[in-house]
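Participant: Let me begin by handing over the structure; questions about it come next.
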Amino acid sequence: MPFAFVAYSTTPFVAFVHVRLPTFARTSRELLQRFAKNAPGNTRVDITTMNLIGKPRVAEAMLSDLYAVRQRFGTVNFARGRPPGAASREWYRWFVPPPSTKFYLQNPDPKHATREGWVWDELADSIARRSQSRVR
């Protein structure tokens with residue numbers, strides 16, 4: 001029973017988030033700030049999670065697919081809809097786990113923050129604002 005609880009509660013934890021920036025946003029910090037404040041919905045994000053044995057799984061999503069939630073007793077704070085094509089999989093693909101749809105994205109530690117880690121804070125705020133406007 002403890003193994004099942006750990007497997008259920010640790011699956012949504014995110015190890016890495018990679019944002020695919022357009023070339024103009026890579027040229028200067030000012031342009032990166034402008035892009036982060038007004039990121040379009042078609043911005044691609046690669047979210048890497050680790051399973052119970054430490055094997056990484058990468059979920060590719062667009063910012064418009066992500067929305068803020070509060071599930072699994074607070075261990076899930078972002079989710080996305082089921083990717084297209086996931087419902088109609090071939091019979092031999094049923095042994096492969098389906099793509100991840102629930103994530104727990106933590107804010108980076110300021111002491112060990114990554115380079116330009118504030119970009120994710122801006123993107124997470126825009127996702128949360130969009131999710132609140134969608135509910136109303």
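The values are calculated or read from the model by the stated rules, or taken from the named source; none is laboratory data. This one's a predicted model, so the numbers in the text were calculated from it and none came from an experiment. Positions of Cβ are generated from backbone atoms using ideal geometry, with glycine treated the same way; all protein chains shown enter the neighbour counts.
Participant: If you take the residues of the stretch 14-32 that are surrounded by 15 or more Cβ atoms within 10 Å (Cβ to Cβ) and in contact (Cβ under 8 Å) with a residue 24 or more places away in the chain, which of them is farthest from V119 (Cα to Cα)?
Facilitator: Within the stretch 14-32, the match that is farthest from V119 (Cα to Cα) is V14.
Participant: Is it the case that F13 is aromatic (F, W, Y) and within 16 Å of F103 (Cβ to Cβ)?
Facilitator: yes
Participant: Among all residue pairs at least 6 apart or on different chains, which show Cβ distances below 7 Å where the first residue, located in the stretch 54-81, is within 26 Å of L21 (Cβ to Cβ) and the second is among the acidic types (D, E)?
Facilitator: Filtered contacts from the stretch 54-81: V58/D46; E60/D46; R80/D65; G81/D65.
Participant: May I pose another question? Could you go through the stretch 36-58 and let me know if any residue there is modelled with pLDDT under 85, in a loop (DSSP other than H, G, I, E, B) and touching a Pro at 6+ places or on another chain (Cβ under 9 Å).
Facilitator: yes
Participant: Working only within the stretch 37-53, note down all residues that are touching a residue at least 24 places away in the same chain (Cβ under 8 Å) and closer than 24 Å to V76 by Cβ.
Facilitator: A39, T43, R44, V45, D46, I47, T48, T49, M50, N51, L52
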